[in-house]
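Novice: Sharing a structure below in structure tokens format, with a few things to ask.
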Amino acid sequence: QVQLVESGGGLVQTGGSLRLSCAASGIIFRINAMGWYRQAPGKQRELVAVYTRGVRTDYADSVKGRFTLSESNVKNAMYLQMNSLKPEDTAVYYCNLVSDSGEYWGQGTQVTVSS
């Protein structure tokens, strides 16, 4: 069983920064993609950033130049550095992992940006 544990959410003012972390545990076969999605109240879940193994990292247009996805020194873990945050970034952020054994989601971490 694969588990994803997120941390780093919270309340920040407009223009501030947060760093989200996601650590995967369990029996993980080859990771094909790992990234972050978010869901704001009343809206559908949307892609924020995703690393596709051996290919590239993709970002939503709304976060390009402000958010950076990177690997952690810890195996099967990653960070999402979020800078210049805006109120429209307020959402629950979910870590996502796609491996040869399936697709997995974290429990979500709340990010709130006050104006």
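Novice: Looking only at the stretch 71-115, count every residue that is open to solvent by 50 Å² or more (accessible area, probe 1.4 Å), under 12 Å from the mean Cα position of the chain (by Cα) and over 12 Å from G8 (Cα atoms) and tell me the total.
Specialist: Qualifying residue count, the stretch 71-115: 3.
Novice: Kindly indicate which of V113, V50, V12 is in contact with a helix residue (DSSP H, G or I) (Cβ under 6 Å, 6 or more places away or on another chain), in a strand (DSSP E or B), at negative phi and modelled with pLDDT of 95 or more.
Specialist: Working: V50 fails: in contact with a helix residue (DSSP H, G or I) (Cβ under 6 Å, 6 or more places away or on another chain); V12 fails: in contact with a helix residue (DSSP H, G or I) (Cβ under 6 Å, 6 or more places away or on another chain).
When all the criteria are applied, what remains is V113.
Novice: Being at pLDDT below 95 and not hydrophobic (A, V, I, L, M, F, W, C) narrows it down to one residue among R30, R38, R66, R45; which is it?
Specialist: On the way: R38 fails: at pLDDT below 95; R66 fails: at pLDDT below 95; R45 fails: at pLDDT below 95.
On inspection, the qualifying residue turns out to be R30.
Novice: Now, a different point. Just checking, how many residues over the stretch 76-115 are under 12 Å from M34 (Cβ atoms) and of a type in the set (D, E, K, R)?
Specialist: Of the residues in that region, 1 qualify.
Novice: Among the residues of the stretch 15-47, write down those that are assigned to a strand (DSSP E or B) and either open to solvent by 50 Å² or more (accessible area, probe 1.4 Å) or more than 14 Å from A77 (Cα to Cα) (or both). Full working, then the answer.
Specialist: Initial filter on the stretch 15-47 (assigned to a strand (DSSP E or B)): 18-25, 31-39, 46-47.
Answer for the stretch 15-47, where residues must be assigned to a strand (DSSP E or B) and either open to solvent by 50 Å² or more (accessible area, probe 1.4 Å) or more than 14 Å from A77 (Cα to Cα) (or both): L18, R19, S25, Y37, R38, Q39, E46, L47.
Novice: Evaluate the following for Y51: is it within 12 Å of the chain's Cα centre (by Cα), open to solvent by 50 Å² or more (accessible area, probe 1.4 Å), under 25 Å from V2 (Cβ atoms) and of a type outside the set (D, E, K, R)? Steps first, answer last, please.
Specialist: Working: within 12 Å of the chain's Cα centre (by Cα): yes; open to solvent by 50 Å² or more (accessible area, probe 1.4 Å): yes; under 25 Å from V2 (Cβ atoms): yes; of a type outside the set (D, E, K, R): yes.
Considered against the rule, which asks whether it is within 12 Å of the chain's Cα centre (by Cα), open to solvent by 50 Å² or more (accessible area, probe 1.4 Å), under 25 Å from V2 (Cβ atoms) and of a type outside the set (D, E, K, R), Y51 comes out as yes.
Novice: What tally of residues in the stretch 81-112 results from selecting those that are under 19 Å from V2 (Cβ atoms) and in contact (Cβ under 8 Å) with a residue 24 or more places away in the chain?
Specialist: Selection size over the stretch 81-112: 16.
The values are calculated or read from the model by the stated rules, or taken from the named source; none is laboratory data. A quick note: this is a predicted structure, and the numbers were derived from the prediction, not measured. Please note: Cβ atoms are built from the backbone with ideal geometry, for glycine as well, and neighbour counts cover all protein chains shown. In case anyone asks, the SASA skips ligands and DNA or RNA and just uses the protein heavy atoms, side chains included. Shrake-Rupley method; radii C 1.70, N 1.55, O 1.52, S 1.80 Å.
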